[in-house]
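Only the coordinates and a few stated rules stand behind these numbers; no lab work does. Given the structure is predicted, the values throughout are model-derived calculations rather than measurements. Please note: Cβ atoms are built from the backbone with ideal geometry, for glycine as well, and neighbour counts cover all protein chains shown.
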Amino acid sequence: MKILESKRLPLLLSIASGLLLALPWYESFSGLILLFAFTPILYAEHLLSEKNARTRTVIMYAALAMAIWAGIDTWWIKNAATAGLIAAIIIHATFGSLVFALFHITKKRLGQTPGYISLIFFWIAFEYFYTNAEISFPWLTLGNGFAKDTFFIQWYEYTGIFGGSLWALLVNVVLFSTIISIIDRGKRHAYKMTIVTLCIVLLPIITSTIIYYNVVETGKKVNVVLLQPNIDPYHEKFDGLSSEEQTAILLNLAAEAVDSSTKLILGPETALQGRIMEESLELAPSIAMVKQFMEQHPNASMIVGMTSMKTYDTPYKPTPTARKYSDANQFYDRYNAALQINTSGFRVYHKSLLVVGVEKMPYLEYLPFIEELAVNLGGTIGSLGTQEERTVFQSSNDSIRVAPAICYESVYGEYYSGWVRNGANVGAIITNDGWWGDTPGYRQHLSYSSLRAIETRRYIARSANTGISAIINLKGEVVKRLGWWQRGYIKGEVVTNNKITFYAVWGDYIGRIATLLTLLMLPILLVKFLKRKGQ
């Protein structure tokens with residue numbers, strides 16, 4: 001065929017991989033596409049290697065594929081900040097192309113087998129680094145692409161999402177090797193490779209099926225009410241409605257749903273606004289309204305998002321994020337926080353995995369001037385205060401222990417599992433996904449909650465201001481949901497679970513192993529380069 005001999009074939013293959021990699025993040029497509037999505041770009045690299053193309057050429061084609069992937073799957077970021085979209089595409093394309101460059105060089109210097117094996121751990125190391133870096137946006141980690149295919153990935157309770165990345169990369173490498181075998185080595189060898197490929201594809205699915213039918217709910221059933229006030233974040237939340245009006249909307253919904261059997265009421269991120277000082281919470285009008293409501297429901301606890309401040313009575317800057325009052329010799333921190341109110345009083349958790357460019361500016365300790373560049377999405381902006389520990393919210397009788405993750409924190413599996421290690425037996429996620437509009441963004445965010453449920457084997461109650469509120473069971477299945485741009489509530493049950501999964505204990509160990517292998521491989525490549533240069 002002429003197309004197979006065309007000079008444009010590597011370009012077409014790169015575009016094909018970009019498109020295939022993007023599809024699993026959309027509702028209509030399965031994550032199983034990832035099992036062959038890298039195959040076109042691998043074949044493009046193979047063709048370029050045969051022609052002794054320069055590494056920069058490989059980088060160019062890989063960057064194109066990565067940019068297409070990132071652009072198609074994260075275009076909705078522009079609704080909040082166009083600069084954020086551009087940064088996401090550039091960073092993803094840069095890291096992805098560098099991984100392919102390292103893979104190409106390894107294959108050239110050390111041979112085919114070490115080269116393809118290195119691609120697997122180079123890629124996972126990149127994902128792990130991007131997850132834990134100061135500038136972090138792990139939205140497109142390969143393992144996230146299986147978020148809708150919960151039946152196939154029940155083994156995430158052992159591996160987390162990097163297990164999904166490993167599966168996708170391994171199948172792609174073996175599948176590509178099978179294709180090359182068919183082309184170069186004849187049917188006999190190809191038959192063996194096909195069997196190997198099928199085993200690598202089917203074994204995780206079979207394992208998942210076995211796990212799925214053996215997951216049993218044995219804990220305590222808890223009646224919950226999830227509130228979705230659906231306050232427009234652009235036109236109502238931060239300037240259209242007062243904090244008291246917004247709180248009234250929230251409590252009116254609660255009044256319709258809460259009864260004597262309700263144990264947990266969940267409200268969304270930043271639901272409580274106004275000047276809320278943490279040293280005197282009860283003085284804030286919105287909190288006083290909630291406290292008065294909760295006095296009528298002493299059997300329940302309410303967890304709700306708020307924007308808050310804490311004053312430090314010191315003339316010296318106590319934290320990197322603290323700001324100085326203009327009219328006093330004191331400092332203060334601002335927080336995106338979760339508040340629990342029950343008969344035991346108040347408890348606060350500060351969101352600590354923050355959105356870069358909106359809630360935190362990177363490397364603030366070294367580059368304090370970049371604070372002024374923060375994107376204003378209303379409410380609390382600039383670098384916010386954080387905390388080290390994952391605070392678990394306990395009910396009055398201590399039988400319900402909730403993990404109060406706030407928005408973006410639910411994207412990070414190892415971080416989220418910290419609440420489970422601290423004793424949480426129910427998961428909660430409070431969020432406000434309305435910034436992105438009616439786009440794939442809020443649906444993708446919901447699907448990641450299913451991953452956290454599987455990884456930790458915890459029911460998750462999810463309250464969204466706008467977006468999708470939902471109850472998700474231990475298997476990652478959405479049991480109940482309230483759709484986009486609907487004001488209302490969900491009444492349902494969650495089931496506690498006190499068992500701790502392998503993943504909750506060990507976290508992203510696959511990412512750490514891949515990083516170690518990468519660090520061991522880089523000196524080998526450097527030695528090879530220096531020897532070649534010396535010759």
Worksheet item: Which order results if Glu134, Glu493 are arranged by neighbouring Cβ count within 10 Å, fewest first?
Response: Glu134, Glu493
Discussion item. Which residues among region 284-327 fall inside the zone where the amide N is under 17 Å from a point 7 Å beyond the Cα of Met277, along Cα→Cβ?
Written reply: 284-288, 307-315, 323-327
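Tally Lys and Arg at +1 and Asp and Glu at -1 over the other residues with C-beta under 12 Å from the C-beta of Ile211: what net charge comes out? All intermediate terms of the calculation are to be shown ahead of the outcome.
Numbers: positive: Arg457, Lys475; negative: Glu157.
Net of charged neighbours comes to +1.
Direction-averaged shadow area of the convex hull around the Cα atoms of the chain, nm²? Display every interim value, and only then the final one.
Values: hull surface 108.6 nm².
Averaged projected area of the chain's Cα convex hull equals 27.2 nm².
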Response to the item:
Expressed in angstrom, Rg and Dmax over the Cα atoms of region 146-300 are 26.6, 79
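Under Stokes-Einstein, with the Kirkwood radius over Cα pairs standing in for Rh, what whole-number D in µm²/s applies to region 62-175 at 25 °C and 0.890 mPa s? Each step should come with its number before you reach the end.
On the way: Rh = 15.0 Å.
D = 163 µm²/s.
Report the gain in length on full extension from Ala288 to Gln486: 0.36 nm times residue separation, minus Cα-Cα distance, nm rounded to one decimal.
Gain in length upon complete extension: 68.6 nm.
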Worksheet item: When the dipole is taken about the Cα centre of region 221-497, and only Lys, Arg (+1) and Asp, Glu (-1) are charged at their Cβ, what size is it in debye, to the nearest 20?
Response: 860 debye
Worksheet item: So how do Val358, Val479, Val174 line up by other beta-carbon neighbours within 10 Å, fewest first?
Response: Val479, Val174, Val358
Worksheet entry | Translational diffusion of region 109-196, µm² s⁻¹ [Kirkwood Rh, Cα pairs; Stokes-Einstein; 10 °C; 1.306 mPa s] | 108 µm²/s
Worksheet item: If you line up the Cα atoms of region 221-497 on their principal axes, what length do they span on each, largest first, in Å?
Response: 50, 37, 36
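Residue separation times 0.36 nm, minus the C-alpha to C-alpha distance between Thr113 and Leu516: what's the value?
Working: separation 403, 0.36 × 403 = 145.08 nm, distance 1.89 nm.
So the chain would gain 143.2 nm between Thr113 and Leu516.
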Discussion item. Taking every alpha carbon pair in region 382-428, what does the distance histogram look like in 5 angstrom bins from 0, in percent?
Written reply: 5, 22, 29, 23, 12, 7, 2, 1
Worksheet item: Pairs Lys351/Lys480; Lys237/Lys324; Lys78/Lys499; Lys192/Lys531; Lys107/Lys533: which exceed 29 Å Cα-Cα?
Response: Lys78/Lys499; Lys192/Lys531
Response to the item:
Given a Förster distance of 45 Å, the FRET efficiency implied by the Cβ-Cβ spacing of Asp259 and Arg323, rounded to the nearest 0.05, works out to 0.55
Item to complete: Using amide H atoms built 1.01 Å from N in the peptide plane, name the residues 5+ places from Ile265, or on other chains, whose amide H lies under 5 Å from its own.
Response: Val225, Ser301, Met302, Ile303
Worksheet item: How much net charge surrounds Lys263 when only the other residues with a Cβ under 13 Å from the Cβ of Lys263 are counted, with Lys and Arg +1 and Asp and Glu -1?
Response: +1
Item to complete: Taking the Cα centre of region 215-346 as origin, work out the dipole magnitude from +1 charges on Lys and Arg Cβ and -1 charges on Asp and Glu Cβ, in debye rounded to 20.
Response: 440 debye
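By counting other Cβ atoms within 10 Å of each Cβ, how are Leu519, Leu13, Leu48 ranked from fewest to most? List each step's numbers first, then the result.
On the way: Leu519 10, Leu13 22, Leu48 19.
Starting with the residue having the fewest Cβ neighbours, the order is Leu519, Leu48, Leu13.
What number do you get for region 1-93 when its Cα radius of gyration is normalised by 2.2 N^0.38 Å, N = residues? Before the final figure, lay out each step's value.
On the way: Rg = 14.5 Å, N = 93, 2.2 N^0.38 = 12.3 Å.
Relative to the rule-of-thumb radius for its length, region 1-93 sits at 1.18.
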Response to the item:
Among Tyr158, Gly96, Asn144, the residue whose Cα sits farthest towards the positive end of the charge dipole of region 80-159, when +1 is placed on the Cβ of each Lys and Arg and -1 on the Cβ of each Asp and Glu, is Gly96
Worksheet entry | Charge dipole of the chain about the Cα centre (unit charges at C-beta), most positive-ward option of Leu283, Leu170, Gly84 | Leu170
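Within the P(r) computed for region 458-519, what percentage of the Cα pairs occupies the region above 14 Å?
67 percent
How large is the dipole of the chain about the Cα centre if only Lys and Arg carry +1 and Asp and Glu carry -1, each at its Cβ, rounded to the nearest 20 debye? Walk me through the intermediate numbers first.
Values: 48 positive and 41 negative charges, 539 e Å.
Using Cβ point charges on Lys, Arg, Asp and Glu, the chain gives about 2580 debye.
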Discussion item. Less than 11 Å Cβ to Cβ from Gly385, Lys/Arg counted +1 and Asp/Glu -1: what total charge do the surrounding residues give?
Written reply: +2
